[in-house]
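A.B. asks: This is the structure I want to talk about, given as structure tokens.
The values are calculated or read from the model by the stated rules, or taken from the named source; none is laboratory data. Remember, it's a predicted structure, so these values are computed and weren't measured experimentally. No Cβ is skipped: glycine too gets one built from the backbone with ideal geometry, and neighbour counts run over all protein chains shown.
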Amino acid sequence: MTDVRNQRVFVAGHRGMVGSAIVRQLENLGYEQIITRDRESLDLLNQAEVNSFFAEQAIDQVYLAAAKVGGIHANNVYPAEYIYQNLMIQANIIQAAHAHDVQKLLFLGSSCIYPKLAEQPMREDALLTGTLEPTNEPYAVAKIAGIKLCESYNRQYERDYRSVMPTNLYGPGDNYHPENSHVIPALLRRFHEATLRGENEVVIWGSGKPMREFLHVDDMAAASVHVMTLEALAYQAHTQPMLSHINVGTGQDCSIAELAQIIAKVTGFNGKLGFDASKPDGAPRKLMDVSRLASLGWVARVGLEEGLQDAYSWFVEHMNEARS
């Protein structure tokens, strides 16, 4: 049997939080031919460039972690960019992989593919059963299209293109932009700066009541490699041709208010917490049913407070680049 560690593996989006974690995971496992390209040398929005890249590289596997991502504010303000860029990146890479006979590909999606009011915890079969959360609908539609691209190439061409849907991710390499970041990096930065300035209150967007699940990015990387390396029969036994994606999460959630309290502890903030209910809450709850992944032999290992300590340490160490 071929040792997959000797295969040529392309990680698209290796500079992002998830892609860089996948590269670390593959390196730790002894993969010898990890192929990466930054956006200056390969424009994933350019179909011709992507096709030429695959023609030149003789790639065996693809981890499709490249995406345009952001929080509620960014999704609200830039919906056209979020749907267009994500659709193009996915379509270009998946089609080029097929055209150049890449048999194995893993597509990384998002829990926002599920309806806003999906039954909790959200099972894979909740997909396309209701209305999406309006604030990130364009991004969600693009990710749903990515799943269906993989399934369509599998059905028509007998490819082995798999999809994993992570819950909210955080950890080293996250985006700490003051407006376009997700909730954990936004709060870590806000609490850190409030502590430095000696402020006595931090105001959090929304009511603090929504429930959210959070997964450390190193766990996501480990789950991705686990799913990618499953024997085809095992993967197919737990999925269906038109319902093939797998949820990745911890199976546990907390309120935004509870999250803020843990972040206050991690950052050493001793003031009070306020909540700005005029800001959008998003979906009331987003908890993943991870029983499918558990049945395939993988469970999350990094606890929330431990993971937040790790993320905060990375932020402090890389503060100048992270805060830009």
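A.B. asks: Would you please name the residue that is nearest to Gln95 (Cα to Cα), looking only at residues in segment 16-30 that are within 22 Å of the chain's Cα centre (by Cα) and without any contact (Cβ under 8 Å) to a residue 40 or more places away in the chain? Spell out how you get there, then give the answer.
C.D. replies: The initial filter retains those residues of segment 16-30 that are within 22 Å of the chain's Cα centre (by Cα), namely 16-29.
Narrowing the set further to residues that are without any contact (Cβ under 8 Å) to a residue 40 or more places away in the chain leaves 23, 27-28.
Values: Val23: 23, Glu27: 27, Asn28: 29 Å.
The selected residue is Val23.
A.B. asks: Same structure again: Go over the candidates Ala260, Ala300, Ala311, Ala322 one by one and state the one that is crowded, with 19+ Cβ neighbours inside 10 Å and modelled with pLDDT under 95.
C.D. replies: Ala322
A.B. asks: Could you tell me which of the residues Arg5, Arg39 is surrounded by fewer than 16 Cβ atoms within 10 Å (Cβ to Cβ) and in a helix (DSSP H, G or I)?
C.D. replies: Arg5
A.B. asks: Say we look at segment 97-150 and pick out the residues that are surrounded by 20 or more Cβ atoms within 10 Å (Cβ to Cβ) and among the hydroxyl-bearing types (Ser, Thr, Tyr); which of these is nearest to Asn76 (Cα to Cα)?
C.D. replies: Only one residue tops the list, namely Thr135.
A.B. asks: Among the residues of segment 222-245, write down those that are farther than 21 Å from Lys286 by Cβ, buried (at least 17 other Cβ atoms within 10 Å of the Cβ) and either among the aliphatic types (A, V, I, L, M) or more than 22 Å from the chain's Cα centre (by Cα) (or both).
C.D. replies: Within segment 222-245, Ala222, Val225, Met228, Leu230 qualify.
A.B. asks: Among Pro172, Pro115, which is modelled with pLDDT of 95 or more and in contact with an Asp or Glu (Cβ under 9 Å, 6 or more places away or on another chain)?
C.D. replies: Criteria check complete, one pass: Pro172.
A.B. asks: Do you know which of the residues in segment 179-203 that are more than 20 Å from Asp310 (Cβ to Cβ) and charged (D, E, K, R) is surrounded by the fewest Cβ atoms within 10 Å (Cβ to Cβ)?
C.D. replies: Arg197
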